[in-house]
Amino acid sequence: MKKTLKLTGFDCGACAAKAERAIRKIDGVQNASINLFTERLSIEYEGDAERILPAAAAACKKIESDAVLHIV
């Protein structure tokens, strides 16, 4: 499944790249990409969204304390 979610709080490309790598390590995630300009996270995954998306939000928050992944 592929989803694009609003992600706010990132303003540094290096931090966004670090978050992408952390999200890709989550079991079930095939790819993750953060666009700083549009404030979007594109994520491709297989499995339970109720487990993967909160884990992605936590990974972002760990790298950037102001990060908020808007899970709808």
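Side notes on the structure shown:
- Carbon and sulfur %, accessible surface of the chain computed with the full protein complex present, 1.4 Å: 51 percent
- Applying the criteria of a DSSP loop state and at most 13 other Cβ atoms within 10 Å to the chymotrypsin sites (Phe, Trp or Tyr not before Pro) of the chain yields Phe37.
- Inter-label distance for Asn31 and Asp66, nm, one decimal - labels placed 7 Å from Cα along Cα-to-Cβ: 3.0 nm
- DSSP-loop trypsin sites (Lys or Arg not before Pro) across region 1-45, with at most 11 other Cβ within 10 angstrom: Lys25
- When the helices of the chain are scored as -39500 (n - 2.57) per DSSP H run of n ≥ 4 and the total is divided over every residue, the value at 222 nm lands at -12000 deg cm²/dmol.
- Read-out Kirkwood radius over Cα pairs in Å, derived from the coordinates shown; its label in (1) 11.6; (2) 13.1; (3) 12.7: (1)
The values are calculated or read from the model by the stated rules, or taken from the named source; none is laboratory data. Computed from a predicted model, the values in this text were never measured in an experiment. Cβ: placed from backbone, ideal geometry, glycine included. Neighbour counts: every protein chain shown. Ligands, DNA and RNA are stripped out before the accessible areas are found, and what is left, the full protein with its side chains, is counted by its heavy atoms. Shrake-Rupley method; radii C 1.70, N 1.55, O 1.52, S 1.80 Å.
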